[in-house]
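Peer 1: First the structure, which I've put down as structure tokens, then a few questions once you've had a look.
Bear in mind that the values in this text are calculations on the coordinates, not laboratory data. Quantities reported herein were computed from a predicted structural model and do not represent experimental measurements. As a convention, Cβ positions derive from the backbone with ideal geometry for all residues, glycine included, and neighbour counts pool all protein chains shown.
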Amino acid sequence: MQMFIVVGMPRTGSTLLQTTLAQHPQIKMYGELFHRVKVEREGPHAINEDGSKIFFDEENDDAIDFLRKNVWNEKNSEYGAVGFKLFGERVDCIGTEKLFLRLREAFPSLKFIHIERSDLLACWVSREAAKKTGQWVDASTKDSAGDKKNVNDLRVTANPIALESFFQSYIEVNSFLRSDFFPKANYLHVDYEQLSSEFETVSMSVFDFLGLPQISVQPATRKQRQLSAEEQIQNIEDVRRYFALSKYAFLVSDSRSKNNQLTYSGLHDAAQKLSTDDWIEYVGQSTEREMTLAGVAMPTAPPAEKQAIFHGNSGASAIQSAAPVYKYVLDICRQQNISSIKSLLDFGCGWGRFTRLFVRDVEEAGLIGIDPWAEALQMCREHMPYAAFVRSQFNPPLAFRDGFFDVVFANSIFSHLSESSALAWIEEIARVLRPGGLLIATTHSKHWLTAVKEFQSGERVCQSDWHQAFKNSKVDIANAIDIHKNGEFVFIPTGNGQDNRDYGDSFVPVEYVRKNWGQFLEFVEFVDDPVRFPQATFTLRKTTA
């Protein structure tokens with residue numbers, strides 16, 4: 001039996017989630033066993049057993065003992081999962097002091113399903129309307145013509161001070177529920193807006209989380225209100241003026257403005273709730289179909305054949321192949337005491353494969369991509385609206401002031417630049433990095449020179465035009481291998497379809513990086529391990545002196 005709790009706050013979709021779980025034949029689902037109101041605990045939320053009602057008595061019962069005896073007991077062991085609903089505002093009441101801490105300690109395998117609603121203004125309106133009508137679940141009725149209408153679509157007046165207290169309370173509780181207090185393996189975040197729009201997908205993920213087989217279910221409740229929150233609040237303009245200069249201004253702005261303000265921060269915050277691996281998986285899925293996270297649209301992707309131009313693959317496999325280097329960037333930043341990336345330049349962003357991953361890690365307004373290819377920028381601007389994209393030239397300078405970036409990331413760029421072009425760009429990148437900032441980049445692995453030798457000898461079959469360009473190259477590869485071993489720069493002018501003499505394929509050894517590029521940036525690390533990364537990866541730092 002898997003023990004679980006649905007946690008959240010009122011009017012955030014918990015009833016929709018509760019009734020969804022209750023449809024699974026292997027789930028025993030209880031309601032608000034610790035409801036604030038005693039008559040609710042004794043009535044609709046009581047445990048019905050053998051014709052009698054069992055409910056929590058806050059003056060005489062201990063919460064943990066109550067659960068062991070009546071919920072997670074031998075009788076319910078026939079179910080695959082057993083749980084109940086608990087609102088965060090309930091945990092400080094008599095009999096439930098420090099309840100989350102006690103639950104975590106008493107039941108180490110307990111799983112927490114946290115449902116959260118992004119639109120807190122709509123949440124407040126829903127609560128106020130239900131208070132007035134007394135309709136908390138099904139508020140539909142019929143008018144004189146027999147058409148259904150909703151009694152909760154009534155107009156309400158908001159007291160801005162009370163509304164501010166509501167926002168503060170909900171944000172504080174949900175921040176705690178999203179915190180590291182709960183073991184990551186035992187925590188699942190469910191976004192109400194996503195549950196509503198992608199009901200089947202989210203339901204299946206919840207069943208997976210509980211270790212149960214996936215079954216087809218249907219929403220057992222429906223949206224109660226047809227009007228928007230802004231339409232229902234009679235004094236909405238007064239409310240907006242009150243919050244205009246506060247941190248809650250985005251919560252009461254009109255829908256279009258709200259979407260604009262929440263776009264990056266909403267996706268950034270939601271992404272940070274996921275583990276790195278889960279975020280990578282989610283980004284990969286979003287390249288193959290339209291998806292949202294926390295009510296914010298994920299970036300889309302250009303056609304597969306356009307993606308493949310840059311690195312030979314597309315979709316989820318393209319993101320997975322980028323994952324090791326992406327993780328390396330995060331690790332090396334932490335090691336070098338960059339705990340928060342305020343600004344990152346994706347140098348040679350292509351179609352935005354890496355740029356979209358960094359939405360999770362870079363602060364708002366700090367994510368920028370550059371590329372000299374106009375079509376690449378067009379794809380980025382169409383499919384990745386969460387970053388700024390600037391066209392660069394094939395040679396410096398960059399259109400950024402000195403010391404602008406915390407991190408410059410260049411995947412498979414210094415694997416294609418000639419020696420003089422690479423040196424010029426290193427000097428320019430040093431200019432735009434802040435003191436302590438990092439350049440994290442890749443170049444071709446020394447092991448790839450062996451592959452080139454095999455292309456030329458016919459030992460290896462060419463599988464692309466790129467391979468064929470190596471085969472047709474006039475460069476003496478045996479000599480190039482020796483030169484590389486001696487710590488010298490190797491450049492093969494394959495062109496790769498580019499009308500640019502400085503563009504080809506480059507192999508830069510660690511000794512060269514230290515000696516030549518170390519004039520401008522301090523050497524940190526060089527990794528040439530095909531098991532870890534497809535290309536050799538190096539990190540340089542701008543000194544603080």
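Peer 1: Within straight cross-link reach of Lys542, meaning Cα distance under 19 Å, which aspartates and glutamates are found once same-chain residues fewer than 8 apart are removed?
Peer 2: Straight-distance partners of Lys542: Asp331, Asp346, Asp402, Asp406, Glu427, Glu428, Glu511, Glu522, Glu525.
Peer 1: Enumerate the amide H contacts of His416 below 5 Å, restricted to partners 5 or more residues apart or on another chain; note that Pro and chain-start residues carry no placed amide H.
Peer 2: Long-range HN contacts for His416: Ser506.
Peer 1: With θ set to phi - 60°, apply the Karplus curve 6.51 cos²θ - 1.76 cosθ + 1.60 along the stretch 53-60 and write out the HN-Hα couplings as whole Hz, x wherever there is a Gly or Pro.
Peer 2: 10, 10, 9, 6, 9, 5, 8, 10
Peer 1: Do the sum for the chain: with -39,500 (n - 2.57) for every DSSP H run of n ≥ 4, divided by all residues, what is the mean residue ellipticity at 222 nm, to the nearest 500 deg cm²/dmol? Don't skip to the answer; put the middle values down first.
Peer 2: Numbers: 22 runs with 217 residues, N = 545.
One gets -11500 deg cm²/dmol as the mean residue ellipticity at 222 nm.
Peer 1: List the residues whose amide H sits under 5 Å from the amide H of Glu32, counting only those 5 or more places along or on another chain, with H placed 1.01 Å from N in the peptide plane.
Peer 2: For Glu32, the qualifying residues are Lys85.
Peer 1: Rounded, prolate or oblate, given the Cα gyration tensor of the stretch 322-368, with a/c below 1.5 counting as rounded? It would help to have the intermediate numbers written out before the result.
Peer 2: Working: a/c = 2.05, a/b = 1.23, b/c = 1.67.
Oblate.
Peer 1: Under the Karplus relation 6.51 cos²θ - 1.76 cosθ + 1.60, θ = phi - 60°, what is the ordered set of whole-Hz ³J(HN,Hα) values for the stretch 287-297, x standing for Gly and Pro?
Peer 2: 3J(HN,Hα) across the stretch 287-297, in whole Hz: 7, 10, 7, 6, 9, 10, 9, 6, x, 10, 5.
Peer 1: Through the Karplus equation 6.51 cos²θ - 1.76 cosθ + 1.60, θ set to phi - 60°, convert the phi angles of the stretch 35-46 into ³J(HN,Hα) values in whole Hz; use x for Gly and Pro.
Peer 2: 4, 4, 8, 4, 5, 6, 5, 7, x, x, 9, 6
Peer 1: Continuing with the same structure: So which of Lys327/Lys446; Lys446/Lys471; Lys306/Lys471; Lys75/Lys184; Lys306/Lys327 end up more than 27 Å apart by C-alpha? Display every interim value, and only then the final one.
Peer 2: Numbers: Lys327/Lys446 22 Å; Lys446/Lys471 17 Å; Lys306/Lys471 25 Å; Lys75/Lys184 29 Å; Lys306/Lys327 25 Å.
Going by Cα-Cα distance, Lys75/Lys184 fall outside the 27 Å limit.
Peer 1: Taking the chain as the reference, fit the longest principal axis to its C-alpha atoms, fit the long axis of helix 315-335 to the helix C-alpha atoms, and give the angle between the two in degrees, 0 to 90, nearest 10.
Peer 2: Its long axis makes an angle of about 90 degrees.
Peer 1: Pull up all non-local amide H partners of Cys349: gap of 5 or more, or a different chain, and H-to-H distance under 5 Å with H placed in the peptide plane.
Peer 2: Ile370, Asp371
Peer 1: What FRET efficiency, computed as 1/(1 + (r/R0)^6) with R0 = 41 Å and r the Cβ-Cβ distance, is obtained for Ser205 and Asn479, rounded to the nearest 0.05?
Peer 2: Values: r = 56 Å, r/R0 = 1.36.
It comes out at approximately 0.15.
Peer 1: May I ask you to derive the FRET efficiency for Thr263 and Glu419 from their Cβ-Cβ distance with R0 = 25 Å, giving the value to the nearest 0.05? Before the final figure, lay out each step's value.
Peer 2: On the way: r = 42 Å, r/R0 = 1.67.
Calculated value: 0.05.
Peer 1: Which net charge results for the neighbourhood of Tyr187, defined as the other residues with beta-carbon distances under 10 angstrom from its beta-carbon, given Lys and Arg at +1 and Asp and Glu at -1?
Peer 2: Neighbourhood net charge equals +3.
Peer 1: Can you tell me the 0 to 90 degree angle between the C-alpha axis of helix 160-177 and the longest principal axis of the chain, rounded to 10?
Peer 2: Compared with the principal axis, the helix lies near 60 degrees.
Peer 1: Rounded, prolate or oblate: which fits the stretch 349-443, taking a ≥ b ≥ c as square roots of the Cα gyration tensor eigenvalues, rounded meaning a/c under 1.5, else prolate when a/b beats b/c? Before the final figure, lay out each step's value.
Peer 2: Details: a/c = 1.66, a/b = 1.21, b/c = 1.37.
It is oblate, given that a/c is not under 1.5 and a/b is not larger than b/c.
Peer 1: Can you list the GluC sites (Glu not before Pro) in the stretch 25-133 that are in a DSSP coil and have 12 or fewer other beta carbons within 10 angstrom? Please list the in-between numbers first.
Peer 2: On the way: sites: Glu32, Glu40, Glu42, Glu49, Glu58, Glu59, Glu74, Glu78, Glu89, Glu97, Glu105, Glu116, Glu128; in loops: Glu58, Glu59, Glu97.
Loop-located and lightly packed - Glu59, Glu97.
Peer 1: Taking only Cα atoms, what is the 0 to 90° angle, nearest 10, from helix 419-432's long axis to the longest principal axis of the chain?
Peer 2: 40
Peer 1: Convex hull over the Cα atoms of the chain, averaged projected area in nm²? Mind dumping the intermediate values first?
Peer 2: Values: hull surface 126.8 nm².
About 31.7 nm², averaged over all directions.
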